[in-house]
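The structure appears below as structure tokens.
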Amino acid sequence: PIVNIADVGGTDTNPDTTETAGITVNKDVVSINGVNVENTTESIEVKENDVIGYRITVTNNGSKNLKDVNIVEYLDIDVTEGQLNIGKLASGEEVVIEAIYTVSHEKDIQGKKDKKIKNTVDVSGITVEEDGKQPETVTDTTFVETDVETVKTLEVVKEVTSTGTGAE
């Protein structure tokens, strides 16, 4: 009998077949008190009771679909559009969340030396794996810093001086 045995080996030369997992998060100040500041090249400064509008953009920049995508926001924001618990995010998909934050004297000004609102945002997700492959966790972090204008407060003290005895 004739037996033909061949071993074949090689390296995949098509980089498009490599599956990757990736996620990015960006956070931008887009408005102050409802006025668009997206294209402003000047530094942005806010004061007590100003309302800062933020846009958070999360993108799945990998070739694998993600699940359990969640944003951790360390600033006490009010989400006005979208949600921080995104859930599923397909490869190439992008989700935009709009939120606002009101500058507070107690949280952002009082006792702070640097007078900045420091905001860190984390995002994480887990790959959706098939064929018994182990899921992979992907994460990203972004940081936004906004200057706070120090406004001097005026204290009014009222004094009453009596000039008479009250008897007439």
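The values are calculated or read from the model by the stated rules, or taken from the named source; none is laboratory data. What you are looking at is a predicted structure, and each value in this text was computed from that prediction instead of being measured. Note that we place each Cβ from the backbone using ideal geometry, even for glycine, and neighbour counts take in every protein chain shown. Only protein heavy atoms, including side chains, enter the accessible area calculation; ligands, DNA and RNA are left aside. Shrake-Rupley method; radii C 1.70, N 1.55, O 1.52, S 1.80 Å.
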Practice task
Consider only pairs whose beta carbons are under 7 Å apart and that are at least six residues apart or on different chains; among these, list those whose first residue lies in the range 42-71 and is within 20 Å of HIS105 (Cβ to Cβ) and charged (D, E, K, R) and whose second residue is open to solvent by less than 10 Å² (accessible area, probe 1.4 Å) and not in a strand (DSSP E or B).
Solution key: LYS47/VAL103; GLU48/VAL103; ASP50/VAL103
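For a quick check of your reading: which strands (runs of 3 or more DSSP E) sit entirely within the range 24-115 and have at least 3 residues that are charged (D, E, K, R)?
Working: elements: 24-32, 51-59, 66-73, 78-81, 85-89, 94-102.
So the answer is 66-73.
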Problem - Every residue from the range 88-126 that is hydroxyl-bearing (Ser, Thr, Tyr) and closer than 14 Å to ILE52 by Cβ - result: TYR101, THR102, SER104
Fill in the blank from the handout: For the range 70-93, the count of residues that are surrounded by fewer than 12 Cβ atoms within 10 Å (Cβ to Cβ) and of a type in the set (D, E, K, R) equals 3
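Out of contact with any His (no Cβ under 8 Å at 6 or more places or on another chain), modelled with pLDDT under 90 and not hydrophobic (A, V, I, L, M, F, W, C): does that describe THR146?
Working: out of contact with any His (no Cβ under 8 Å at 6 or more places or on another chain): yes; modelled with pLDDT under 90: yes; not hydrophobic (A, V, I, L, M, F, W, C): yes.
The answer is yes for THR146.
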Completion exercise
Residues of the range 99-138 being of a type in the set (A, V, I, L, M), within 16 Å of the chain's Cα centre (by Cα), farther than 17 Å from VAL25 by Cβ and at pLDDT 90 or above, in sequence order, are ILE100
